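Remarks on the structure that follows.
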Amino acid sequence: MNSNEILTADIIDILFEGKNKAYGAYDLRKTYNKRISIAVGSMFAICILFSFSQLIAKNNDPVVKPIPIIDLNLANLDETKIEKPKPLPVIPPQVKPPVIQTIQYTAPLLTNVAEVDVPPVEALIDSRIGTENIAGSVDNNSYAPPVEKSIAPDFIPAKPDEDFIKIFTKVEHEAKFPGGLEAWRKYLERNLNANIAADNGAPVGLYTVTVQFIVDKSGVISDVKSVQVPKACPGCGQEAIRVITKGPKWEPAIQNGNKVIYQALQNITFQVVEN
């Protein structure tokens, strides 16, 4: 673009000199003023049409007729034609029922017959049976009120809960050493006499002792005894009993979501190796 064309050219043409005018940005900026004029003109046209429609709708509103006012002369009012309110129903007063003669009923107890105060049959014919003696009118075949206090024995021993006293051998969650198997292994390594089998003269090999004991609901160990001891190592059973007896409380067994008494079986293995 030469110097003469620059003086007469539009600022948009100068900015896009040597650039791709077909890309779209040139056309958008070139027609910007035209598009703004169309938008503003359309807005004014819509506003004028809306105002015109409101004016037409207002002119077509129906004419509201005034409500006629009637003068009321109370001097000529005929009171005979006035409907009087109906009287409210009369509620009769509540009558307190008469007191019915009542004879106290004596609950049967294991005692001396001579000490039981039994009312005569004649007194029971025209009286109700109740918990106390009440003087009143004769009962005319009306229903007696419910007995207020129980005539059952004062104390009935409850049946003990089976899970409370039962010793379980199979449960949902068995009793275990606190901390699990790893803690149990470390406890045996620290406290068990590993040479007891060799001291008893047992040959090279493994010797397993089965110990039976009770774990109560608080985890206390009791009734510890060996139920299976190798013949080659009779002292292994005593050593296993000693280690379990001196140990800490166990975690109690769980049955139906409750802690129960559990009879546990625990194996302890001793080993004799070659020197």
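The values are calculated or read from the model by the stated rules, or taken from the named source; none is laboratory data. It should be emphasised that the depicted structure is a prediction, and the values quoted were computed from it without experimental measurement. Reconstructed Cβ throughout: ideal geometry from the backbone, glycine too, with neighbour counts over all protein chains shown. Protein only, heavy atoms only, side chains kept; ligands, DNA and RNA dropped before computing areas. Shrake-Rupley method; radii C 1.70, N 1.55, O 1.52, S 1.80 Å.
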Filter result for Tyr187 (assigned to a strand (DSSP E or B), of a type outside the set (A, V, I, L, M), touching a residue at least 40 places away in the same chain (Cβ under 8 Å) and surrounded by 17 or more Cβ atoms within 10 Å (Cβ to Cβ)): no
When (1) out of contact with any Asp or Glu (no Cβ under 8 Å at 6 or more places or on another chain); (2) on the phi > 0 side of the Ramachandran plot are applied to Gly219, the one that fails is (1)
Within the set of pairs 6+ apart or on separate chains, which have a first residue in the stretch 165-180 that is over 19 Å from Pro248 (Cβ atoms), a second that is among the polar types (S, T, N, Q), and C-beta atoms under 8 Å apart? Ile167/Gln263; Phe168/Gln255; Phe168/Gln263; Thr169/Gln263; Val171/Gln255; Glu172/Gln255; Glu172/Asn256
Find the residue count for the stretch 220-262, including only residues that are open to solvent by less than 50 Å² (accessible area, probe 1.4 Å), farther than 27 Å from Ile196 by Cβ and in a loop (DSSP other than H, G, I, E, B). 1
